[in-house]
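S.K.: Encoded as structure tokens, here's the structure I'll be asking about.
The values are calculated or read from the model by the stated rules, or taken from the named source; none is laboratory data. Predicted, not measured: the structure shown is a model, and the values here were computed from it. When we count neighbours, we look across all protein chains shown, and the Cβ atoms used for this are built from the backbone with ideal geometry, even at glycine. Surface accessibility is based on the protein's heavy atoms, side chains included, excluding ligands, DNA and RNA. Shrake-Rupley method; radii C 1.70, N 1.55, O 1.52, S 1.80 Å.
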Amino acid sequence: MIKLVPESLKKLLREGYVVKFIGDFTDSVKSGDTFIVERTVQVNYEISVILPPADTTTLDLSYLGLYPESEKTLYEILVGLKGGKDILIYPQIPVGKYLWRLEKSLMTPNPAVESLRYLGKISVGDSPYNDPRLRIHTIKDLEPMIFRIYNDGSDYEKIVLKFLVNKCRIERTTYSEKIMREILHFDLLRW
């Protein structure tokens, strides 16, 4: 679903790869469903955001068109960041539920609280523009993923988000001996 991956695991899905979904994603994609990748095409997409100091904005990845409209399509997205060294990004799915938090009550990312500002954040160094390490998988009708973006600096900051979208045509299969990638539901990432 979403993961920071090292270089060795950054390989994109390609024709013949089998993916297996772990957890119930949508009404049509349930836990254990497997799909074979029939075709792929890569599409680059960039957006930039300029924020004043100590300000936040949100980006809805589904609103940006980074969710497929066909049940036969899987988007595998690598996100690279450049620019604002003081920009912090907090992924949420669904809205208001942070992916990376701690179990103790109130241990969720919060840019307004200094002790929680660096909890569960992504910055330029975590997924550089030319070496993207943040990988996201999206399918039709999946809950929207939100990036809450915060400027931790003392001046205006600009950040560029480069999305390398590996658009995969998928077909349901029962073949499960050679699963190349397991895609975990976001609730399983948040245990």
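S.K.: Is it the case that ARG135 is open to solvent by less than 60 Å² (accessible area, probe 1.4 Å), of a type in the set (Lys, Arg) and over 15 Å from the mean Cα position of the chain (by Cα)?
M.R.: Values: open to solvent by less than 60 Å² (accessible area, probe 1.4 Å): yes; of a type in the set (Lys, Arg): yes; over 15 Å from the mean Cα position of the chain (by Cα): no.
So ARG135 fails the test.
S.K.: Please state which one of ASN130, ASN151 is surrounded by 18 or more Cβ atoms within 10 Å (Cβ to Cβ) and more than 30 Å from SER31 (Cα to Cα). Outline the logic, then answer.
M.R.: Values: ASN130 fails: surrounded by 18 or more Cβ atoms within 10 Å (Cβ to Cβ).
Selected residue: ASN151, the only one of ASN130, ASN151 that is surrounded by 18 or more Cβ atoms within 10 Å (Cβ to Cβ) and more than 30 Å from SER31 (Cα to Cα).
S.K.: From the set of residues in the stretch 174-191 that are of a type in the set (D, E, K, R) and in contact (Cβ under 8 Å) with a residue 12 or more places away in the chain, which is surrounded by the most Cβ atoms within 10 Å (Cβ to Cβ)? Show your work before the answer.
M.R.: Residues of the stretch 174-191 that are of a type in the set (D, E, K, R), as a first pass: 177-178, 181-182, 187, 190.
With in contact (Cβ under 8 Å) with a residue 12 or more places away in the chain added as a condition, the list becomes 178, 181-182, 187, 190.
Numbers: LYS178: 9, ARG181: 17, GLU182: 11, ASP187: 14, ARG190: 15.
Step by step, filter the stretch 174-191, then rank; the result is ARG181.
S.K.: Now, a different point. Among GLU143, GLU171, which is the only one that is modelled with pLDDT of 85 or more, open to solvent by 50 Å² or more (accessible area, probe 1.4 Å) and outside any loop (DSSP other than H, G, I, E, B)? Reasoning before the result, please.
M.R.: Working: GLU143 fails: outside any loop (DSSP other than H, G, I, E, B).
Exactly one of GLU143, GLU171 is modelled with pLDDT of 85 or more, open to solvent by 50 Å² or more (accessible area, probe 1.4 Å) and outside any loop (DSSP other than H, G, I, E, B), namely GLU171.
S.K.: Next question. Give the number of residues within the stretch 154-168 that are open to solvent by 80 Å² or more (accessible area, probe 1.4 Å) and either within 22 Å of TRP100 (Cβ to Cβ) or not in a loop (DSSP other than H, G, I, E, B) (or both). Steps first, answer last, please.
M.R.: First, pick out the residues of the stretch 154-168 that are open to solvent by 80 Å² or more (accessible area, probe 1.4 Å): 154-156, 158, 167.
Of the ones still in play, those that are also either within 22 Å of TRP100 (Cβ to Cβ) or not in a loop (DSSP other than H, G, I, E, B) (or both) are 158, 167.
Counting residues in the stretch 154-168 that are open to solvent by 80 Å² or more (accessible area, probe 1.4 Å) and either within 22 Å of TRP100 (Cβ to Cβ) or not in a loop (DSSP other than H, G, I, E, B) (or both) gives 2.
S.K.: Answer with yes or no whether ASP86 is closer than 19 Å to VAL160 by Cβ, of a type in the set (Asp, Glu) and surrounded by 15 or more Cβ atoms within 10 Å (Cβ to Cβ).
M.R.: On the way: closer than 19 Å to VAL160 by Cβ: yes; of a type in the set (Asp, Glu): yes; surrounded by 15 or more Cβ atoms within 10 Å (Cβ to Cβ): yes.
Yes, satisfied.
S.K.: Continuing with this model, one more query. Looking at (1) among the aromatic types (Phe, Trp, Tyr); (2) within 12 Å of the chain's Cα centre (by Cα); (3) modelled with pLDDT of 95 or more, which is the only condition TYR90 fails?
M.R.: (3)
S.K.: Can you tell me which residue within the stretch 14-50, out of those that are closer than 23 Å to LEU188 by Cα and basic (Lys, Arg), is surrounded by the most Cβ atoms within 10 Å (Cβ to Cβ)?
M.R.: Filtering the stretch 14-50 for residues that are closer than 23 Å to LEU188 by Cα and basic (Lys, Arg), the one surrounded by the most Cβ atoms within 10 Å (Cβ to Cβ) comes out as LYS20.
S.K.: Across the stretch 111-127, what is the number of residues that are over 30 Å from LYS11 (Cα atoms) and buried (at least 17 other Cβ atoms within 10 Å of the Cβ)?
M.R.: Of the residues in the stretch 111-127, the ones over 30 Å from LYS11 (Cα atoms) are 111-117.
From the residues that got through so far, the ones that are buried (at least 17 other Cβ atoms within 10 Å of the Cβ) too are 111, 116.
The total comes to 2.
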